[in-house]
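Q: Let me begin by handing over the structure; questions about it come next.
The values are calculated or read from the model by the stated rules, or taken from the named source; none is laboratory data. What you are looking at is a predicted structure, and each value in this text was computed from that prediction instead of being measured. So basically every Cβ, Gly included, is an ideal-geometry build from the backbone, and we count neighbours across all protein chains shown. Protein only, heavy atoms only, side chains kept; ligands, DNA and RNA dropped before computing areas. Shrake-Rupley method; radii C 1.70, N 1.55, O 1.52, S 1.80 Å.
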Amino acid sequence: MKAQIKGMGHALPERILDNKELEQMVDTSEKWILERTGIRERRIIDDSETTSDLAYRAALMAIGNAGISVEELDLIIVATASPDMLFPATACVVQEKLGAWNAAAFDIAAGCTGFVYGITVAEKFLLSPEYNNILVIGAEALSRIIDYTDATTCVLFGDGAGAAVLSRSDSEAGIIASYLGADGRGGQHLYIPAGGAAQPASLETVEKGLHFLKMNGNEIFRFATKTTVEVSEKIFAMTGVKAEDIDLFIPHQSNMRIIKTAMKWMQIPPEKTMITVDQYGNMSAACLPVGLSLAAEEGQLKAGDLVLMVAFGAGLTYGGVLLRWGSD
Ligand code: ACO
């Protein structure tokens with residue numbers, strides 16, 4: 001039995017925020033952003049929309065591509081670092097928007113690794129005969145938690161959503177292996193200090209900007225380059241698959257320099273690597289499903305292809321999934 005991706009979808013806001021515009025907003029330069037991150041532009045959500053709206057749009061596309069009805073969904077998992085609210089779960093908001101009344105729903109908080117966590121959890125649920133079709137969404141409106149006076153973070157992030165419908169299958173196509181990890185000791189390197197039970201929102205926390213994302217970029221950079229390689233090595237050891245067997249590598253899209261380090265180590269050429277960071281920036285949990293959905297839409301994937309997805313993020317968390325592309 002395999003957990004197979006039956007359909008992918010994505011949703012990206014219309015509004016483009018490019019490096020030139022950021023130059024007018026904070027003390028930065030187009031040249032610095034491009035050289036240090038590889039990001040040219042990112043998408044920013046409209047005032048009238050929120051995370052669940054992007055998630056909903058991506059979900060509709062994935063459900064359509066999977067050829068199932070919303071009534072057939074048994075579970076909805078939303079991976080996000082920018083939920084609509086602390087509760088209810090954004091997955092429940094999406095369930096309501098879809099009218100997927102037969103589905104249970106919950107969120108996963110694993111930062112940028114959220115989609116990898118989500119499809120791994122879905123794979124385990126599909127071992128149970130009660131679950132046949134599971135919708136996993138990575139959705140972010142990070143622009144709502146970013147401080148647009150902080151040049152060290154605001155240039156990096158963008159908004160977007162990607163979704164996958166996973167179902168049980170007896171065929172070769174589907175998830176081959178997944179690997180998850182976490183290191184809570186690094187939690188303070190990427191976090192939102194206030195707005196939770198530890199530091200409830202107050203006039204003071206708002207004045208100090210403690211409701212915005214804070215990041216120690218250098219620590220995350222070190223963690224990212226180390227874990228991207230380690231997770232890939234772990235999956236290769238688990239499966240016997242080698243780097244040269246990979247048809248499409250989709251690493252987390254936070255910085256072109258991190259992606260290039262991983263490509264160099266694994267000797268995976270650019271034509272086998274999905275790059276979206278230049279166009280969309282870091283969309284956290286949405287990066288991998290948007291990348292996979294775009295690759296499917298653009299015909300970059302054929303049945304039987306081996307796809308390796310690897311991510312790292314707030315937590316700190318890390319993980320990867322190896323799958324064979326195709327559906328029954
Ligand atoms: N524009 C201009 N200068 C800047 C900017 C900017 N936007 N940001 C930082 N600088 C300056 C710094 O102030 C510093 O100046 P100084 O030398 O005078 O002190 C200089 O540039 C170098 O700063 P570094 O932090 O060393 O820059 P670096 O080259 O390491 O790049 C970056 C910083 C892009 C943040 C990098 O560390 C990075 O990509 N880290 C990983 C981030 C990441 O992967 N995040 C994932 C989050 S996952 C999730 O769950 C959300």
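Q: With the full set of protein chains in place, find how many percent of the accessible area of segment 46-183 is carbon and sulfur; take the probe as 1.4 Å.
A: Summing carbon and sulfur atoms, their accessible area is 55 percent of the total for segment 46-183.
Q: Solvent-accessible area per residue for the chain at a 1.4 Å probe radius, Å²?
A: With the other protein chains kept in place, the chain gives 42 Å² per residue.
Q: Turning to a different aspect of this structure: Would you kindly calculate the translational diffusion coefficient of the chain, applying Stokes-Einstein with the Kirkwood radius from alpha carbon pairs, for 4 °C and a viscosity of 1.567 mPa s, and quote it in µm² s⁻¹ without decimals?
A: It diffuses with D of about 66 µm²/s by this estimate.
Q: On alpha carbon coordinates alone, what is the Rg over Rh value for segment 2-171, Rh being the Kirkwood radius?
A: 1.04
Q: Further question: Mean separation of Cα pairs under 8 Å and 6+ residues apart, divided by the residue count of segment 1-144: what relative contact order is that in percent?
A: 28
Q: Given only helices, namely DSSP H runs of n ≥ 4 each adding -39500 (n - 2.57), what is the per-residue ellipticity at 222 nm of the chain, to the nearest 500 deg cm²/dmol?
A: -10000 deg cm²/dmol
Q: Mind checking which aspartates and glutamates have their C-alpha under 17 Å from K208, skipping anything on the same chain fewer than 8 residues away?
A: Filter leaves D147, D150.
Q: For the chain, with the dipole built from +1 on Lys and Arg beta-carbon atoms and -1 on Asp and Glu ones, taken about the Cα centre, which of Q267, Q95, S202 lies farthest toward the positive end?
A: Q267
Q: I would also like to ask the following. Per-residue counts of other Cβ atoms within 10 Å, averaged by peptide: what ranking do you get for 147-157, 198-208, highest first?
A: 147-157, 198-208
Q: While we're on this one: Of the cross-linked pairs K20/K242; K6/K272; K6/K260; K2/K226, which ones have a Cα-Cα span greater than 32 Å in the structure shown?
A: In this structure, K20/K242 lie more than 32 Å apart at Cα.
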